[in-house]
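All remarks here apply to the structure that follows.
The values are calculated or read from the model by the stated rules, or taken from the named source; none is laboratory data. The structure presented is a predicted model; accordingly, all values stated were derived computationally and were not measured. The protein model used for the area step is the full one, side chains on, heavy atoms only, and it has no ligands, DNA or RNA in it. Shrake-Rupley method; radii C 1.70, N 1.55, O 1.52, S 1.80 Å.
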Amino acid sequence: MDAQRIRRNSLTKVGNDPVGELVMRIIRGDEDDAAPATRSAFKPFSNTKKTPAAIVKPSTPRIPSPPIPERKSLGLFFAFRRCVGRGLSLPSCKCSCSFPSFGGFGSFGGFGLSKKVLVPMILLTLAVTLFHNQESIVQSVRQRRNDDIKFFNTRRSSRGGGVRGLTPVSLNYYPKGGPVIVTLVTNLEKDVNELKTALRSLAFLEGDDSNFPTPVLVFNEGDLGVNQIHSIVESCAERPIAFPVARRFTDFPGEFRDADPVFPASFNNRKKWGYYHMIKFWINDIWKHPALKPFETIMRIDSDSCFKEPNPHLPNFAHHHLVYQSHYVGYEAEQSKYIKGLYEFVRDYMNKHAIVPRNPMLWQFVVSAHESSASLPVFQSNLEISSKTFMQRKDVVRFHKAVTEEEPYGVFRFRWGDAVVRFLTIALFADDGYVMNSRIPGYYHKDHCRNDEVANALARYSHQKKKDMSLKDVLDIHEMQ
């Protein structure tokens, strides 16, 4: 007790002792220059057990505190800020904050700073610290949003069991370089309902790894409602699903400033430029999106598409060496209406960059279609499987950028479509042996994808699978006998 009394008495003195010198440095705002020995002597007290007043009473009168300079508040403010910036709680901060009695805020540093001054100072310090850290916090959130997409319906093993829920989590336990299913949807109820039908029909895909069901990325403009997201998640209960935002659907490339599109697409409450931005997204923008980073095989399916029969290989390629697979479906439906200047643009681009078509057969098909009918061939890009590595090749990226972001801005000005541009891309840059353009089994589109038809097809498929499983069990038992 005597030792404690002596120490408390000595620290209350602020005359010429080291503690008084440190306090004055704090007030002046230059406490960083304080000697280490002096700093170590100035430590906070814990709220110890109360002692009888007769014992703790100082043997000498307490020396009055010197007048506080006008800069006291500023010095103490920066002292508090250093404490908070270093992640120290106020009672444990040793750099400048010391409480002779932590049980109350009666005095501070021996100067008798009242609670009315101290509490606002603490709040102001916290506010300034949060303001300074705001930019780094925002950057952290953006980094997580771009590089660590959160998925619903994620199954995680836990002590041998599995849990699947509506809480979005990272999919970082999946193998890198696998397949992913991608789609794009607006917030219109018609489109959302069609998408839910399409997602249910993915049960027909038999090319999945049962341990790692292929995830789904539902690209959107960031305007889906909470109820819409939950209903989409529930329609895709057997696959992880995420909702990355396809940005820049309001931006236009280069110097393009046309007020209205040549072919309006503002029916059914759709945005007048929405369809054009969708084309640009599928041709060019998707291959730059960070959500594709963990994946290699990209299966696109439009919201108005579906499956009604089993497919043995999707969402993977039919053959591992392929870089593109889609169904060739003929020429542009309205001949030259939506391809004005496209053929000439491609020929000029080939001459400018000295490009020799890698797929002579498909390119000859392009030339013949243009010369015979003033039209161009198309793939059924509503369902296509692409190699990300191929689509991110420098020559392919440069061509896509020229088509979508350079004069004559044909996607926006003439509505050049993604189906015809995809055919041209494959003809120019993909060897014939790496492309498959036959019909994809089980796939249907638009009017053939009514919800009741898909539901009936799924019921028949499920019933048949159960029968096949029962027959397999019988055969296994027979072999064992």
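Structure summary
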{"quantity": "Sequence-distant residues sharing a close amide H with S170 (under 5 Å, placed H)", "calculated": "F151"}
{"quantity": "Shape of segment 347-387, Cα gyration tensor, a/c cut at 1.5", "calculated": "oblate"}
{"quantity": "Separation of alpha-carbon centers, segment 403-441 and segment 274-292, rounded to whole Å", "calculated": "13 Å"}
{"quantity": "Interchain or long-range residues, amide H under 5 Å from V182's placed H", "calculated": "L217, M299, R300, I301"}
{"quantity": "Solvent exposure of segment 244-385 as accessible area per residue, Å², 1.4 Å probe", "calculated": "48 Å²"}
{"quantity": "Fraction of accessible area attributable to carbon and sulfur, segment 193-288 (%, probe 1.4 Å)", "calculated": "49 percent"}
{"quantity": "Solvent accessible area, Å² - R200, 1.4 Å probe, full protein context", "calculated": "100 Å²"}
{"quantity": "Backbone HN-Hα couplings from phi across segment 230-240 [Karplus 6.51/-1.76/1.60, Hz, Gly and Pro as x]", "calculated": "5, 5, 5, 4, 5, 6, 10, 5, 8, 9, x"}
{"quantity": "Segment 307-322 - phi-based ³J(HN,Hα) in whole Hz, Karplus 6.51/-1.76/1.60, Gly and Pro as x", "calculated": "10, 10, 9, x, 10, x, 10, 5, x, 8, 5, 5, 9, 5, 7, 5"}
{"quantity": "Residue order for F414, F256 - accessible surface, 1.4 angstrom probe, largest first", "calculated": "F414, F256"}
